[in-house]
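One structure is given below, encoded as structure tokens.
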Amino acid sequence: MRLDGRKSDEKRKVTIIPDFVSTAAGSCLIETGGTRVICTASVDESLPPWRRGSGLGWVTAEYAMLPASTTTRKRRDGAQKDGRSVEIQRLIGRSIRQAVDMRALGERVITLDCDVLEADGGTRTASITGAMVALTLAVDKLIAQGKLPASPIRHQIAAISVGIVQDVPSLDLCYQEDSRAEVDMNVVMNEKGEFIELQGTGEGRAFTPDELSTLISYAGKGIRELMEAQRAALGERARHLCAKPWLVVASGNAHKISELKAMFAAHYTVLGQREVGFDGDVEETADTFVGNATLKAEAVSAATGFATIADDSGLAVDALDGAPGVYSARYCGHHGDDEANNDLLLSRLAGMDRRSAAFHCALVLKEPGQEPIVTEGICPGTMLHSRRGTGGFGYDPLFLYEPLNKTFAELTAEEKNAVSHRARACRQMLEILDGAK
């Protein structure tokens, strides 16, 4: 048993109180044993000169021990911080930056201030664990304010100390243990159990590979428990942790965006192009669905820096030699007038008995720095003589899907997402993504 009665692999009691400072964008008080740290997050909507114009945000940290945080008064940091504080705040910044997609954060700075009220060992690891909570709360506020469309936090980060005290590997050292430890180590990990930083020193003696393995095992156990405490403190706001990477839909069509969100929700946080600041239109100058989809995906990905998915889809009617084809959305002469497009199609099919047709979809996924991935889907059907149904969009009210004897406009979203041309192209794309894991 240790000085405070804990087992060797038992961490100290941890308490995290969120929203501790009402004026901060995000904050918490974290208590681990006798160590107490206030962690706050501040948001600056500008960048330092060296970062401006990059499209990337930044996360940095400052650390200080208050004068009465130890038994003897610590001199307050002035303009020149002591070397230990500088080293620790760099560690905090490095650690938390591993959690954030800087492009998704946008051109802003989040500063994490960690102020130690009481120090009883493990102040740097408590600061990292608390800073992760403060960052998450700041992101929640940015989303609520409409400044971020979704969370840029890709990982959950926590940290803990381990060491060897009187030849016994131990977890979460208090000050008395830390001050006489033969081996001292700080471990920072993400939710996958991957290491972000290992700071290990044989201060009193060298340590063996077996002892190192035990220390790392103890640290992993402690960090998993700390992550549970972080999530408990955040409550429903923990949904911002470990967010999926963003996938931008190169379209302003709300129906199309909704369908692709449903299709790719397991892999990505799917956002419309306007949600990430792309308001332009990409001119569709190709004469094939694949060509137009590629133009859109590459243009939006290049402009935003995010993975982008684009589709070009349309209706090919056999009796009209494949028209309207790539001109489906602008068949009537201008873009997006579904009623006029349908009226024109009905007039050109008037008196024709041959009504076979098919919806075509070319889907292109463009990841920055990678070649586009292309899939295609075709859904056959029959064109009716008049509209049926009130759902869907485009030519859906005229397109009869014969296996269900319903038009696309009569299908529920779930039914359509199971059989449509876009669904078929998406399933092929998902198979490729699943196979790449």
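Annotations
- Within segment 394-423, the set of residues being closer than 14 Å to residue 377 by Cα, over 26 Å from the mean Cα position of the chain (by Cα) and in a helix (DSSP H, G or I) comprises 416, 418, 419, 421.
- Residues that are more than 21 Å from residue 305 (Cβ to Cβ), touching a helix residue (DSSP H, G or I) at 6+ places or on another chain (Cβ under 6 Å) and surrounded by 23 or more Cβ atoms within 10 Å (Cβ to Cβ) within segment 41-65 comprise 41, 61, 63, listed in sequence order.
- Condition check for residue 376: crowded, with 16+ Cβ neighbours inside 10 Å, under 23 Å from residue 297 (Cβ atoms), out of contact with any Ser or Thr (no Cβ under 6 Å at 6 or more places or on another chain) and among the charged types (D, E, K, R): yes
- Restricting attention to segment 238-276, the residues that are farther than 20 Å from residue 329 by Cα, among the basic types (Lys, Arg) and in contact with a strand residue (DSSP E or B) (Cβ under 8 Å, 6 or more places away or on another chain) add up to 2.
- Options 117, 112, 135; residue that is in a strand (DSSP E or B) and buried (at least 23 other Cβ atoms within 10 Å of the Cβ): 112
- For beta carbons closer than 7 Å, sequence separation of 6+ or different chains, a first residue in segment 89-101 that is assigned by TED's automatic domain parsing to the domain that holds residue 56 and a second that is among the hydroxyl-bearing types (Ser, Thr, Tyr), the qualifying pairs are 89/63; 92/63; 92/127; 93/60.
- So residue 4, is it among the charged types (D, E, K, R), within 30 Å of residue 304 (Cβ to Cβ) and out of contact with any Leu (no Cβ under 9 Å at 6 or more places or on another chain): no
- Residue 123 vs. criteria under 23 Å from residue 175 (Cβ atoms), assigned by TED's automatic domain parsing to the domain that holds residue 186 and touching a residue at least 12 places away in the same chain (Cβ under 8 Å): yes
- Any hit, segment 346-353, residues being in contact with a helix residue (DSSP H, G or I) (Cβ under 9 Å, 6 or more places away or on another chain) and closer than 21 Å to residue 250 by Cβ: no
- One residue stands out in segment 298-314 among those that are within 18 Å of residue 260 (Cα to Cα), in a helix (DSSP H, G or I) and not charged (D, E, K, R): the one that is farthest from the chain's Cα centre (by Cα), namely 300.
- Residue match in segment 298-306 (condition: out of contact with any helix residue (DSSP H, G or I) (no Cβ under 8 Å at 6 or more places or on another chain), in contact (Cβ under 8 Å) with a residue 12 or more places away in the chain, closer than 30 Å to residue 102 by Cβ and of a type outside the set (Gly, Ala, Ser)): yes
- Checked against the criteria, residue 219 does not count as surrounded by fewer than 17 Cβ atoms within 10 Å (Cβ to Cβ), in contact (Cβ under 8 Å) with a residue 40 or more places away in the chain and among the hydrophobic types (A, V, I, L, M, F, W, C).
The values are calculated or read from the model by the stated rules, or taken from the named source; none is laboratory data. Computed from a prediction, not measured in an experiment: that's the story for all the values here. As a convention, Cβ positions derive from the backbone with ideal geometry for all residues, glycine included, and neighbour counts pool all protein chains shown.
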